[in-house]
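Here the structure is laid out as structure tokens; the discussion comes afterwards.
What follows is calculated from the coordinates using simple rules that are stated; it is not laboratory data. None of these values were measured; they are calculated from a predicted model. Reconstructed Cβ throughout: ideal geometry from the backbone, glycine too, with neighbour counts over all protein chains shown.
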Amino acid sequence: MFQLDWFILKKNRWLYLLYACIFVFIICKNFLFVWPITRSVEAMIIMIIEDLIPVVMLTAVVHVLYTISIHNKNMLSKKSQEYKSLFDNHPDTILYVGRCGHISSSNANIQSMTGFTPPEILSLSLQSIVSNANWDKVTKRFQLALNGVPQHFTCMINHKDGSCIDTKVTYVPSVVNGEIVGVYAILKNVTEVKRQKKEIDHLNRQNRLILNSVSEGIYGTNMEGKAIFWNSAAEQMTGWTAEEAIGQPIRHLLASPGKNIFSPMGENTFLDKTLMDGKVHHEKHTYFCHKDGSRFPVEYVSSPIFQEEGEQIGAVITFRDMTEQKRTEELLRKSDMLSAVGQLAAGVAHEIRNPLTSLKGFLQLIKPSTGKENYYMEIMQDELKRIEHIVDEFLFVAKPKVSQFELKSMSAIVSSTVDLLQPQARLNNVEIRTNLNSRLPLVYCNQHQMKQVFINIIKNAMEAMIDGGILHIETDYISALQMVRIRFNDEGCGIPPERIPKLAEPFYSTKEKGTGLGLMVTYKIIETHSGDIQFRSRPDRGTTVDILLPASRHEDEHAEDEKNSTDMDHGNDKLKGDKESQDTAS
């Protein structure tokens, strides 16, 4: 404050002269009028002080008021400079328009935007720079701003060269002493923004056309597993429209029967894995659910979606409805069966002719009653059983039944099959040891066909262990493959490595009296279940057979289905097991 006062005194030297004149006047007055009367220095000094006090006080008040005035003037000048700096350096164009619509001021950006220099723009009115087509809208907005309501809108502004500029306009009322005296117009050129938006919209339309023109179903999700796009093929295959699907959690498209695709299942699908590890996952054999609750086979690929910076923002799933392909495969399977029938014809004729020849011969021998009649009758019965077995396998290949697939427990089916074959195993001095996992995921399968497979493999193992032995059977779940494995390990004679690739061929058998149809049927059944069968063997060291079947992802139904499956198997085995065990092994 002292520095400010000194500055004021230094800039206003007339104050020194005023103070000096007042002081001289007071001294002269007292010397001329007081001194002649009192002739006392002390009295004259007192009178001088009394005269100076009001003058000094008045001078001090004037000085303070003047100081405050100068200070306010400086502050006002500073604020004015700040506002001017904001006005001049604002990245957008700013115009000040009076109530009459005349442009009073503008910052320098007006030239880069419209081509008019600031002096040129001051000679124009607002109407002269606005496109005629937009003038009515601009006028209405201007009047609203004059009424104290800020405005935001877009219009076309005329460039000096005659072109038009897409402009985003903001009107802000200018208030002075509580009165609106004009409007600040903030202009932003959005021509480039609109052009880019138009290009983006065009690209989006092209992308939608491409997505909707492909035959595969395509949908995308964000990192939360909620749909962000859904093409026409996906609508047709699932029954869900894009409006219904977008925004919904669809990672559980692999829903169980009776549930829709939005039902939570609490499992790790390949979509979940893609969202977690950012890798591509391919599922060849699974089912999606239609909106009406029906299921259809699909093959799908889930791939991650990354931003340019490398950040994963979701996943895209491409899937194909495999219903027609499955039908085609079924037709091919039937065609293969018919082809196999042709191959079987020659073999069946040959295989049946030999037993029939024996029967004819022994029938001739037993015409005269002899003591060997019973022995011949036993031979005849064995040959008749052999004929019956060959005919049954021929009929299975020639007339396949339509597969009825259900959720079943492999451990339960293996257990019932072992119970069925235990008596025959004891007769052959074979001990069957099982290690069955009771908590396996269920498998979509035909129960009777799978039992046929297990009977074939177990009987082959028993026949391979001529001197008896131990047959180990175990079931487990391979989580990496999402497959249920059934393993059979015997201590038999083994199979030479060069013969293993031929086991699935019709009429190929390693046994002296084998028809070569049992393993062919086994391979066909496993193939129809989208599974795999693997043989590992060494001569005189035994054979290991692994059957791999795709696990169902509906583990919540496991316990109930396993119990029902076990009960049903034991009941059926009592009625039908004996015939199956005798007729189906190769």
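Kindly list the residues of segment 113-144 that lie in the label zone of K160, defined by a backbone N under 19 Å from the point 7 Å along the Cα-to-C-beta vector. Answer for segment 113-144: 113-131. In terms of packing, defined here as the mean over residues of other Cβ atoms within 10 angstrom, the peptides 202-211, 221-230 line up highest first as 221-230, 202-211. Couplings for segment 537-543, taken from phi via the Karplus curve 6.51 cos²θ - 1.76 cosθ + 1.60 with θ = phi - 60°, read 8, 9, x, 6, 10, x, 10 Hz in order; Gly and Pro are left as x.
Estimated from the Cβ-Cβ distance and a Förster radius of 35 angstrom, the FRET efficiency linking I46 and I70 is about 0.45. Multiplying the residue separation of H152 and N429 by 0.36 nm and removing their Cα-Cα distance gives an extension gain of 90.2 nm. FRET efficiency for the V24 to N177 pair, using the beta carbon distance and R₀ = 51 Å, is estimated at 0.65. With the largest listed first and rounded to whole Å, the semi-axes of the equivalent ellipsoid of segment 90-189 from the Cα gyration tensor are 20, 15, 12. Near the amide H of G239, within less than 5 Å, lie the amide hydrogens of K291, all on another chain or at least 5 residues away, with H placed in the peptide plane. Around the amide H of V430, modelled in the peptide plane, lie the amide H atoms of G469, all under 5 Å away and 5 or more residues distant in sequence or on another chain. Near Q248, the amide H atoms lying under 5 Å from its own belong to A227; only residues 5 or more places off or on other chains count, and H is placed 1.01 Å from N. Given their separation in residues at 0.36 nm each and the Cα-Cα distance between them, R499 and E330 gain 58.0 nm when the chain is fully extended.
Label separation (H282 vs A108): 6.3 nm, computed from points 7 Å beyond Cα along the C-beta direction. Ranked by the mean number of other Cβ atoms within 10 Å of their residues, highest first, the peptides 466-472, 110-116 come out as 110-116, 466-472.
Take 532-545, 405-418 and order them by the average number of nearby Cβ atoms within 10 Å per residue, most first; the result is 405-418, 532-545. Binning all Cα-Cα separations of segment 134-216 at 10 Å, short to long from zero, yields these whole-percent fractions: 16, 31, 23, 15, 9, 4, 1.
Compared with the alpha-carbon gap, the fully stretched path from Q534 to C100 is longer by 146.9 nm at 0.36 nm per residue. The modelled label-to-label distance for the pair E308/Q127, using points 7 Å beyond Cα in the direction of Cβ, is 4.7 nm. Distance between the pseudo-spin-label points of E299 and D546 (7 Å out from Cα toward the beta carbon): 2.3 nm.
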